[in-house]
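The structure appears right after this line, and notes come after that.
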Amino acid sequence: QVQLVESGGGLVQAGGSLRLSCAASTRTFSDYAVGWFRQAPGKERESVAAISRNGITIYYADSVKGRFTISRDNAKNTVYLQMNSLKPEDTADYYCAAKPGTVSMVASRYESWGQGTQVTVSS
C-alpha cells in the first residue's frame, strides 16, 4: 500500500479558491491512479475527481466540472486538486486515494487512503 498525506484545506469564502495536495510515499507513484473523494457531515462519501497513472485520463463529478482541476506531478509524487469558485456545498473532508492500475471514480476500488483535509466554504 501507499502512504498518502493531504494538505491545503482550510476556510475560504464562497467564490474563493484552494489547492489541495496529496503527497505519496512510494518509489513507483506512476503505477498508481489517484482519486479525490469528499464527505460532508451527515452525508455519504462522494467522488470528486480522478486521474490516471500518466495523467492523460481524468474524470470529474458533475458537481465540480468546470470549477475543479486535478493534476499530478509524478516526479514529486504529488497529485493536486485546484478548486475554484468554491461554494458552501463544497464544504467537506477531502480525501485522496490511490490504486494500482486503471483510474476509477469508484471509492471501493481504491486500496490506500489519506487521513483527509477539511475544507470549509463560508457563504
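Here are the numbers for this structure:
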{"read-out": "Count of the range 90-106 residues which are open to solvent by less than 40 Å² (accessible area, probe 1.4 Å) and under 21 Å from Ser25 (Cβ atoms)", "value": "7"}
{"read-out": "One residue from Leu20, Leu86 being within 23 Å of Ser122 (Cα to Cα), part of a strand (DSSP E or B) and touching a residue at least 60 places away in the same chain (Cβ under 8 Å)", "value": "Leu20"}
{"read-out": "Qualifying residues in the range 37-89 (those that are under 16 Å from Thr117 (Cα atoms) and hydroxyl-bearing (Ser, Thr, Tyr)) - the one surrounded by the fewest Cβ atoms within 10 Å (Cβ to Cβ)", "value": "Thr78"}
{"read-out": "Out of Ser21, Ser30, Ser25, Ser17, sole residue that is hydroxyl-bearing (Ser, Thr, Tyr) and in contact with a helix residue (DSSP H, G or I) (Cβ under 7 Å, 6 or more places away or on another chain)", "value": "Ser30"}
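The values are calculated or read from the model by the stated rules, or taken from the named source; none is laboratory data. None of the values given here were measured: they were computed from a predicted structure. Glycine gets a Cβ as well: all are built from the backbone with ideal geometry, and neighbour counts include every protein chain shown. Calculation scope for accessible area: heavy atoms of the full protein, side chains included, ligands and nucleic acids excluded. Shrake-Rupley method; radii C 1.70, N 1.55, O 1.52, S 1.80 Å.
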